[in-house]
Every structure is written in structure tokens, then in C-alpha cells.
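Remarks on the structure that follows.
What follows is calculated from the coordinates using simple rules that are stated; it is not laboratory data. This structure is a prediction, so every number in the text was calculated from the model and none was measured. Counting neighbours? That spans all protein chains shown, and the Cβs are built from the backbone with ideal geometry, glycine included.
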Amino acid sequence: MSKILRINTREKTYSFETPAEDIAGLGGRALTSKMILNEVPATCHPLSKYNKLVFAPGLLSGSPAANSGRLSVGGKSPLTGGIKESNSGGLVSQKLARLGIKALVLEDKPEDDGFSMIVIKKDSVEFFAADEYVGVSNGDMITKLWERFGKRVATASIGVAGEQRLTAASIQFADPKGHPGRAAGRGGLGAVMGSKKIKAIVVDDKGTDRVALHDPEAFKAVNKKWVELLTTHPVSGQGLPAFGTAVLVNVINEAGALPTKNFRTGRFEHAKDISGEVMAENIEKRGGVASEGCHPGCVIKCSQIYNDKDNNYLTSGFEYETIWAFGSHCLIKDLDDIAMLDRLCDDLGLDTIDTGVAMGIAMEGGVIPWGDGKAAIELLNKVGTGDPMGKIIGNGAAFTGQALGVDRVPVVKRQALPAYDPRSVKAVGVTYATSTMGADHTAGYGVCQNILGVGGSIDPLKKDNNVDISKALQIATAAIDASGLCLFVAFPVLDNPEGLQMIVDMINAMYGLSLVVDDVTSLGISILKDELEFNRLAGFTPKDDRLPDMFKEEVAPHNTSWDFTDEELAQAVKF
Amino acid sequence: MPCKRQPRKFFIWVFDNYMGSVLFNAFSFLQKKLKAQNIPCVNAVLDLKDGQCVKDILDALGIEPQEIEGVFVNGKIAPLDTLLHDGDRIAALPPGTPGPYRLLLGLVSSPNNESDKKSDTFKCK
């Protein structure tokens, strides 16, 4: 990948440039965070012309490496006011890579209110008027774009939430089957795209050759071992394909860490009714698809197609986080209602975590009853209409809490907490507090603990070692986010010391480099340093690395509380 | 958590000592397998005999050790030789749980952890 494609959204012009030396070797999150640090004034308003939206494939994207087609989207977040990288599946990453595009950058913003869309092909970059598509759902958008520009072109689009610049707005991507189930969800990057009046981006790689590899034979040999590693590990080879991430509902509930009724307890009496096991049963009964990948070349296939009672398509990419946010967090126990809420988030273009947590806060604030799935669906349908409640919910959990005068608002840096109680899984709590992304669960994932020197026993209910673990996982995750690999490769890699070496070997074979495993750690640290610097310039201080006081209360069943000091937490981001 | 001494319930001497019951759940593939065999595995209340540990319960249900990656006892990952008490809650997890929770909940042990080595003679602790 050799070129950066810059798009000026005000003048509707574009240019290709050769990457500068300090970014030439970067991809994915490494590239987006470095470019945002370099080019976006950290104090700008995120919806202003000074913010930029960067779409970057990872270092391995476009290669035959299994599970390498993920995309990073970066910018200043309208939700947190800090740096943001949102990661997604779909088709954009590999097609940009095949077009030789290292990063696509949206800059400036139009002075008028007209919406456009951008179509990128091998020999052209074109702008089309898109006002006829304003208000169109992401699902319908993909159908229209595939009809107009060809089946299976890559698409990125926003729904009404992004059009209206709401801070929980996502960017949704077509999956290989044409459903809008993939999302760059967290942090409101859909609002940034909406502020630049871009309704959709189409990427068509027709006519391109395969991405050239420096040493194709060496690459093939490693990839073969890599595929075997992914397909034989019980998590990536069996658990995720069978039950998706939803398998965690019962497990996290058992561990007493499933936040219930806005983080009041760690167990939900109806967890079994909204579990991955029930989801899998329903899929089987109703003719859905139990296992599919979110991008070509995925061998894990943790996604699924979930049908309704009449065996019609209801939703795809039905994740644990979504089931939690609209489920036990809201006391909703009907999995079909939750699936409809997931579908609405795909179509409206909303982050399911922030929107789900906002829904629970709406219940906390008395707008709708606890546990009422139908009322939640009705409320979510207000997003994008003239109804002010729609604007409130679409702006996410913190905004909803303030609008309704609620005192239990589970956010860090104004981003809603995900599906694990920090008092019962303390390392995740450290990540929530200290991650540059705001309360984020994917920021602290796992790679080989041996390499990262994380040893000793781990007690999720005690403070010991959990700061070190969070720090190590944040470093490792940042590095994986730069590679274009799906984060779920971390499970086999966590259990197999050769896994990390395989990733390094594939990068070396692709680019003719001589990286070693320690370079992965260095890369991860350098990404975090860039992000910390941006946030510092944006005005963040250590006091922003705190959980809200509501977590000082004990939570059942283990009756633990959040008891880290600022000084202890600071060690997680000290490099 | 210190061992609780339960007051013994005295039955006619021909019956086994009865120590109460435990709540049992199996997840993921294990749930599927047990359901197919009509073995209760969703919020199932099982009788508990005196001196039984986790492995005894699993043996009685026909679950082999290699089918298990971890067992929760009262919400925490615990060894198979954990002694059980009336009112305990146990859950059996087969391999395949995603997430860093494998590490964070203690499912994946440190490579230096000696106590994970299996011994030939198994005794409840």
C-alpha cells in the first residue's frame, strides 16, 4: 500500500500523496492515531472543519493472511473529546488495500447542507450528490448502492443518527452478505462523517491485481500454520463459530459480573433466556445462519444471521455487548426484542453499547418501564424523527443521564461502560478507567502472556496484578489493531507462544522487513503514547482516568467495590 | 472462604448421609450435550452428599475431565477438588470461552502454576 487519498469535502476534490517517512511503516490504529495526532488540533471542535476522519486498513490487510481484513477508523471523538479508533469488519479494508490506498482521509467540511457520497475505483474518485438518500436506513442504503454500483462493492454509510451528528452515531459497513451488521461503533465517528456531509463511501477494487508480497512462498508457509492455529483452538475454532460472542452471557453471569439494572448487581435472573445457547437454538429452529465471517478470509466466523419467529431476517452480528446493553442492563428478557433493538441500531447507525446503556438510563429516569422491550423499541424508533427524546437517546448515555437528572451514569470520559462489572473483573475496570478511548473493553485484549511478562495468579476480585495485566493487554491490543487482524485471534495467540511469531513472520514476508516479537510490544507502546499525547493536548488529566463514584458501592454476589487509587491506576499508562 | 460446618441431618442409618443440594449449570457445548441426554443442566438443583467435591458431581453426570476447561464455584473459578456445601452454586465450562476473561477470570493459568498438574490419585480437598 503506497498512497494516501485525501478528500476535501468542501471543494469535492481529492489528491493522492506519498506517505511521509514517520507514517510509511504504519497501518490500522497505528496510522490513524499518528495522523490524528499530527494533523488535527487537539482542542478543535470534533464536528468542525478541523477534525479529520481517517479510514486505514491494517498492515496485513489485502494479504491472504486469515482474519486480516479489519479496518480502523480514527478521528477526534465528538463523544469523549479525545482520540478515537473504532475498528470494524466488512469489505472496505481489503478493497482499499488492493487499490494501494494506505489511508483514506476526509478533511474540511461543506458550507452548505447538501449531502454527497464518494465512489472510489481503480482509476477514479468521484463525488455524487446524495440528498435523495438522506433519511435512508443503512440496510436500504447497501441495497441501493449494490444496485447502482455493483454487487459486493464495499460500502461505509451513516444512518439518520450520523446525518444529525448525534454523539452515539456509528459508521456501518456492508458485510459479505450485504447486511449492515458491521460497525465502527464507539465514540460517535458517524457524527464526524455526518458533519462532513458524507452519506456513504463506496470502494470498488474491480480490475486490481492481488496485493504484491515480498516473499510469497514464505508467507504461504506461515499462513498455513496460522490457519491451523486459528481453526484448532477451541475458542476460535469451536466456541465462537457455534455461539458467537453471546456465549459470554451465561459465563459472565456465572462469574457474577453481568451488570444488571444499571450496574446494581452482577447477576440477572433471566440471563439464561438471553444467552448464546438460546440464540443458537433459535437460529437453528428458524433457519438462520449459525456461523459466518464478517470479512473475506475470516476462518473464525463468529457472526450469525438471527431470524424472527416467522423465519425472516431480523439481524446480523448479534453480539454479547448488545445483548447485555439492551438485556440485563435494561432488565429486558426477550431475546427477540433485543434482536430488534440491534437491528434498529444497524439501520439508524448507532453504537449499540452507548445506546443500550442510554436506554437503561431512560428507564432509570422514568421515561419507560424497566424490562419493557416493546417500549424500548418504540423509544429507539424516535431517533431521527422530530421527537426530542430521539435526539436525547441518540446522543448516548452521558447526555441522556444529564437530560433526565439521573445520578447513576456509568461512563468514563463520557463513553458508556461495556458489559463487565469493573468491581468483579478488576483488570477490565482498570482498562475502562485508563484507556485513551474512554470506557472500552476491546482496548485491553490479550496476546501471549509469556512475552508480555504477565505471570502469577489472577484474582478478578482483588487489586493485585490487575493494573499490570491491564497495561500489558492495552499494549498488545494496540499492536493487533495496527495489523488489520481481527482481535479474536488473540485467544489462540494467548494460549500459544508461537502465534505472535507467526504474525511477525507474515508482516516480514509481506514487506521484506526483519521485525521481531519485541517490536510488537514497542509498536503497541508507541501507539498508546501517541494517543495519550493527543488526549493531554486536548485537555485530559489523570482525573479523567476514574470510574464514577457509583462503583465505590459494593456489588453482589461477591460484594466487592472499586477501590483503586488514582496513583495505582496511573501505573497502567506509565511508559 | 472458610469451610462451613453444616449441622448434620440425622436419618435412619440405612440411608446415605445427605448434606443438602447445589445449583448446577452447564454452558455452551456441554449444555447442548447434556440436554440431548436429558440431564438437567440449566439451574438444576442436585442432591449433595457428605464430603462430595466438584469432580464427584461431574462424574455422576457423566462429564469427563477433558470436557471441562473450568468450573465456577459460587462465581469463582475453582479446582475440581473443591469441597462443596449445601447451597453452593457450580457451573461447568467446556473449552471455547472467548475474551480476555479467559485470563482475567483465571481460566487460563500461568505457565508457572504447578498446582494445575494432575495427579494419579484424586482426593477432595
field: Karplus (6.51, -1.76, 1.60) ³J(HN,Hα), θ = phi - 60°, over segment A:72-85, in Hz, Gly and Pro reported as x
entry: 9, 10, x, x, 7, 7, x, 7, 8, x, x, 6, 9, 10
- request: Evaluate the relative contact order of chain A (contact order divided by residue number), counting alpha-carbon pairs under 8 angstrom at least 6 apart; express in whole percent.
  value: 16
- prompt: What is the Cα radius of gyration of segment A:197-320 over 2.2 N^0.38 Å, N being its residue count?
  reply: 1.40
statement: Each label sits 7 Å from Cα toward the beta-carbon; between A:Arg148 and A:Glu228 the label points are separated, in nm, by 4.8
message: For segment A:3-203, give me the percentage of DSSP beta bridges that are antiparallel, rounded to the nearest 5 percent.
response: 75
task: Could you tell me the number of lysine pairs in segment A:244-416 with C-alpha atoms less than 15 Å from each other, where the two lysines are 8 or more residues apart or belong to different chains?
output: 6
task: Please work out the FRET efficiency for the pair A:Glu132 and B:Asn38, using the Cβ-Cβ distance as r and a Förster radius of 56 Å; give the result to the nearest 0.05.
output: 0.45
- prompt: Ratio of Rg to Rh for chain A, alpha carbon only, Kirkwood?
  reply: 0.93
- prompt: How much length is gained on full extension from A:Arg210 to A:Asn312, taking 0.36 nm per residue of separation minus their Cα-Cα distance?
  reply: 33.0 nm
- request: Starting from segment A:1-62, pick out the GluC sites (Glu not before Pro) whose DSSP state is loop and whose Cβ has at most 15 other Cβ atoms within 10 Å.
  value: A:Glu11, A:Glu21
- prompt: Taking only C-alpha pairs under 8 Å that are 6+ residues apart, what is the relative contact order of segment A:38-146 in percent?
  reply: 22
- prompt: Which ³J(HN,Hα) values in Hz, rounded to whole numbers, follow from the phi angles of segment A:543-558 under the Karplus curve 6.51 cos²θ - 1.76 cosθ + 1.60, where θ = phi - 60° and Gly and Pro get x?
  reply: 5, 7, 8, 10, 8, x, 4, 4, 7, 6, 6, 6, 10, 6, x, 8
- prompt: Within 10 Å of each Cβ of A:245-258, how many other protein chain Cβ atoms are there on average?
  reply: 6
statement: Which of A:Lys462/B:Lys76; A:Lys122/A:Lys151; A:Lys426/B:Lys55; A:Lys49/A:Lys199 exceed 20 Å between C-alpha atoms? The answer is A:Lys426/B:Lys55
task: Run the numbers on segment A:264-309 and let me know its relative contact order in percent, using alpha-carbon pairs under 8 Å that are six or more apart.
output: 31
- prompt: So which chymotrypsin sites (Phe, Trp or Tyr not before Pro) in segment A:508-562 are both in a DSSP loop and have at most 15 other Cβ atoms within 10 Å of their Cβ?
  reply: none
message: Under 5 Å between amide hydrogens, which residues at least 5 positions from A:Thr315 or on another chain qualify, with H placed 1.01 Å from N in the peptide plane?
response: A:Tyr306
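Provide the packing ranking of A:333-341, A:224-232, i.e. peptides ordered by the mean count of other C-beta atoms within 10 Å per residue, highest first.
Sorting A:333-341, A:224-232 by mean packing, highest first, produces A:333-341, A:224-232.
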task: Work out the FRET efficiency for A:Thr13 and A:Thr565 from their Cβ-Cβ distance, taking R0 = 45 Å, and round it to the nearest 0.05.
output: 0.30
- line: Over all Cα pairs of segment A:69-162, the Kirkwood radius sets Rh, and Rg/Rh then becomes 0.95
field: Between segment A:263-290 and segment B:25-95, the alpha-carbon center distance in angstrom
entry: 20
- request: Indicate the gyration tensor shape class of segment A:244-416 (rounded, prolate or oblate), computed on the Cα atoms with a ≥ b ≥ c the square roots of the eigenvalues: a/c under 1.5 is rounded; otherwise a/b larger than b/c is prolate and the rest oblate.
  value: prolate
- prompt: What residues qualify as long-range amide H neighbours of B:Lys49, i.e. H under 5 Å apart, gap of 5 or more or another chain, H built at 1.01 Å from N?
  reply: B:Met19
- request: Give, as a single signed number, the net charge of other residues whose beta carbon lies under 12 Å from the beta carbon of B:Ala91, with Lys and Arg counted +1 and Asp and Glu -1.
  value: +1
Of A:Gly159, A:His558, A:Val516, farthest towards positive along the dipole that unit charges on Lys, Arg, Asp, Glu beta carbons give chain A: A:Gly159
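Magnitude of the Cβ-charge dipole of segment A:3-203, K/R +1 and D/E -1, about the Cα centre, nearest 20 debye?
540
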- line: The distance between the Cα centres of segment A:528-558 and segment A:1-31, in whole Å, is 32
- prompt: Once the dipole of segment A:244-416 is set up with Lys and Arg at +1 and Asp and Glu at -1 on Cβ about the Cα centre, which of A:Ala375, A:His295, A:Gly244 lies farthest towards its positive end?
  reply: A:Ala375
field: Amide hydrogen neighbours beyond the local backbone of B:Leu83, cut-off 5 Å, H modeled
entry: B:Lys125
- line: segment A:65-121 and segment A:309-362 have their Cα centres apart by a whole-number Å value of 25
query: In nm, what is the difference between 0.36 nm times the number of residues separating A:Asp113 and A:Asp336 and their Cα-Cα distance?
result: 76.5 nm
message: Rounded to the nearest 5, what % of DSSP beta bridges with both residues in the protein assembly as shown are antiparallel?
response: 80
- prompt: Given C-alpha coordinates of segment B:18-97, what is the ratio Rg to Rh with the Kirkwood estimate of Rh?
  reply: 0.92
task: Go through segment A:467-477 residue by residue and turn each phi into a ³J(HN,Hα) via Karplus (6.51, -1.76, 1.60, θ = phi - 60°); whole Hz please, and just put x for glycine and proline.
output: 5, 4, 5, 4, 4, 4, 5, 5, 5, 5, 5
